[in-house]
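Notes follow the structure.
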Amino acid sequence: MSALFSPFTLRGVTVPNRIVISPMCQYSADEGRATAWHMMHLGSLSLSGAGILCLEATAVEPDGRITPRDLGLWDDATEAALKPVLAAIRRHSDIAVVVQLAHAGRKASSDVPWDGGQLIPPSRGGWETHAPSAVPHKDGEAAPAALDDAGLARIRDAFAASARRAERLGFEGIEVHAAHGYLLHQFLSPIANRRTDAYGGSLENRMRFPLEVFEAVRTAFPAEKPVGVRVSATDWVEGGWDIEQTVVFAQELKARGVDWIDVSSGGVSPKQAIPFGPGYQLPLAEAVKKATGVNTIAVGLITEARQAEEIVAGGAADFVALARAMLYDPRWPWHAAAELGATVSAPPQYWRSLPSQHKALFGETVIGTR
């Protein structure tokens, strides 16, 4: 039996395999509201046969968007816009759908990537950004405003409010975004966090706000549904956040009931030196798994079925997440299952698509045409 295609239970949610469709920003929302693009994009991916579909970074307040086109879940309008998208998925797929709740911090108010991705000043329709400290992401950018106690409370409450909206929409889980140089990662990393109060300085203090946010989300979301956290396990910058600190953070999250750690890296500094290559972040996920025993998701240039199978079968991680590979091949789980001798779920409208040598892939009788 394929390890990659074995079931796994997270609290009250059981998924049929260990394939996660990684959250991928689409920069296609309208004032935070999901659009027809999300219906098409997410609808297609929901038919992929993966076990979990994780929505893109979804802002918990307007100022927390990376770009003006980011998806949001902060008010009745943004909640209502996601409702038909989830309803369409539910009608045709049993995939577990997770939402990644996020706040961009000092990396907010930026152009979409295909327009350069640069910070948009308020004079051009941008907004003032907020961060742990008044330290810009890179030289030449305007400094963010350092969050005061009221700002911390506002954002913490916004995460909890979005979690309650996620429950009303029927999401099976939540992933808290504490990676890629966004707000919660900014608190963790000494590169971005220069505070001298209870939220800065020592590792214990730098972890404080991200842990408070996790606790707020965990409390607001039903106990029978899982909540995970995405981390950048290292900044790839000397003197920054690293794997040793990540392990301590993961241990603290474990004590608070985290259901998975999604292990990515980088994003907090343009000085990062990332050693890209197939599975380059896998040792980080493996280190977290070995040190804490927490369920882990490995992500980063995982593109081949045998590669993914070895990761799960060898115990390096419990799940594998695919992003660009899934965009390029939205039926990647079908092809992986065919290669590994496993089965996947697919709607009956697609049963006739299989080549004869893969007729058992869906675990159903393949129907012909009249």
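Laboratory data are not the source of any read-out in this text; all were calculated from the coordinates shown. Predicted model only: the values in this text are computed from it and were never measured. Cβ: placed from backbone, ideal geometry, glycine included. Neighbour counts: every protein chain shown.
Beta bridges assigned by DSSP with both partners in the chain are antiparallel in approximately 10 percent of cases.
I'd like the distance between the alpha-carbon centres of the range 309-335 and the range 1-49, rounded to an integer number of Å. For the range 309-335 versus the range 1-49, the Cα centre distance is 12 Å. Rounded to whole numbers, the Karplus 3J(HN,Hα) couplings from phi for the range 129-135 are 9, 10, 7, x, 9, 7, 10 Hz, using 6.51 cos²θ - 1.76 cosθ + 1.60 with θ = phi - 60°, and x at Gly and Pro. Taking 0.36 nm per residue of separation and subtracting the Cα-Cα distance, full extension of the segment from SER123 to VAL135 would add 2.3 nm.
Among 74-87, 181-194, 349-362, 271-284, what's the highest-first ranking by average C-beta atoms within 10 angstrom per residue? Intermediate results must be reported in sequence, preceding the final value.
Working: 74-87: 16.7, 181-194: 24.9, 349-362: 13.4, 271-284: 15.0.
The peptides rank, most packed first, as 181-194, 74-87, 271-284, 349-362.
Spin-label model, SER6 to TRP351: label points 7 Å out along the Cα-to-beta-carbon direction sit 2.9 nm apart.
Pairs of Cα atoms nearer than 8 Å and 6+ residues apart set the relative contact order; for the range 29-147 it is 25 percent.
The Rg/Rh ratio of the range 126-172, with Rg taken over Cα atoms and Rh as the Kirkwood radius over Cα pairs, comes to 1.17.
Could you put VAL247, VAL299 in order, starting from the residue whose Cβ has the fewest other Cβ atoms within 10 Å?
Neighbour counts put them in this order, fewest first: VAL247, VAL299.
Counting only Cβ charges, +1 for Lys and Arg and -1 for Asp and Glu, the dipole size of the chain around its Cα centre is about 760 debye. For the chain, the share of alpha carbon pairs falling in successive 10 Å distance bins from zero is 5, 25, 34, 25, 8, 2, 0, 0 percent.
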